[in-house]
1. Six or more apart or on different chains, Cβ atoms under 6 Å: show the pairs whose first residue is in the range 60-72 and over 17 Å from A28 (Cβ atoms) and whose second is outside any helix (DSSP H, G or I) and acidic (D, E).
2. Scan the range 15-56 residue by residue and report those that are assigned to a loop (DSSP other than H, G, I, E, B) and aromatic (F, W, Y).
3. Would you pick out the residues in the range 3-12 that are at pLDDT below 90 and under 20 Å from L59 (Cβ atoms)?
4. I'd like the residue in the range 13-38 that is among the polar types (S, T, N, Q) and closer than 16 Å to L67 by Cβ and, out of all such residues, is nearest to the chain's Cα centre (by Cα).
5. So which residues in the range 26-66 are among the β-branched types (V, I, T) and surrounded by 19 or more Cβ atoms within 10 Å (Cβ to Cβ), if there are any at all?
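The values are calculated or read from the model by the stated rules, or taken from the named source; none is laboratory data. These numbers come from a predicted model, not from an experiment. All Cβ positions, even for glycine, are placed from backbone atoms using ideal geometry, and neighbour counts span all protein chains on display.
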Amino acid sequence: MPLNLSNSQALGRTYAAARMMAGLDQGALAAQAGLSAGTISNVERGRDSRPETLKAIRLALNREGVLIGFSRNNGLATVSIGFAADDSDEE
C-alpha cells in the first residue's frame with residue numbers, strides 16, 4: 001500500500017529517520033544544530049523546510065556520521081550512516 005505523503009511530509013520523515021539513525025532525540029539534535037526542539041518537530045512534520053534550517057540539521061547529523069542525500073535526477077532522498085569498523089569484531 002503506497003503512502004500518500006506530500007513532498008514536505010516525505011522530506012520531514014526523511015529527517016526524522018536520519019535523526020533516529022544518529023541515535024538522537026529531537027532535543028539533542030536541536031542543541032547540536034543550534035535550533036529549538038520545536039523547530040526540529042516542525043521539520044519532521046513537514047511544516048518547516050527553510051533552506052538554512054535544513055542545512056543546520058544536515059550539518060549536525062553529518063557530525064554524527066549520518067548523511068542525507070538528494071538525487072537531482074529523480075528527486076529521491078537517501079539516508080545513510082557511516083561508522084568506523086571495529087577490528088575486534090571481524091573474524
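1. none
2. The first filter runs over the range 15-56 and keeps only residues assigned to a loop (DSSP other than H, G, I, E, B), leaving 22-25, 34-36, 45-50.
Listed by number, the list is empty, since nothing qualifies.
3. Of all residues in the range 3-12, those at pLDDT below 90 come to 3-11.
Scanning the range 3-12 gives a single hit, L11.
4. From the range 13-38, those among the polar types (S, T, N, Q) are 14, 26, 32, 36; that's our starting set.
If we keep only those that are closer than 16 Å to L67 by Cβ too, we end up with 14, 32.
Details: T14: 6, Q32: 13 Å.
The residue in question is T14.
5. Within the range 26-66, the first condition is being among the β-branched types (V, I, T), and the residues that meet it are 39-40, 43, 53, 57, 66.
If the condition is that a residue be among the β-branched types (V, I, T) and surrounded by 19 or more Cβ atoms within 10 Å (Cβ to Cβ), then T39, I40, V43, I57, V66 are the ones that fit.
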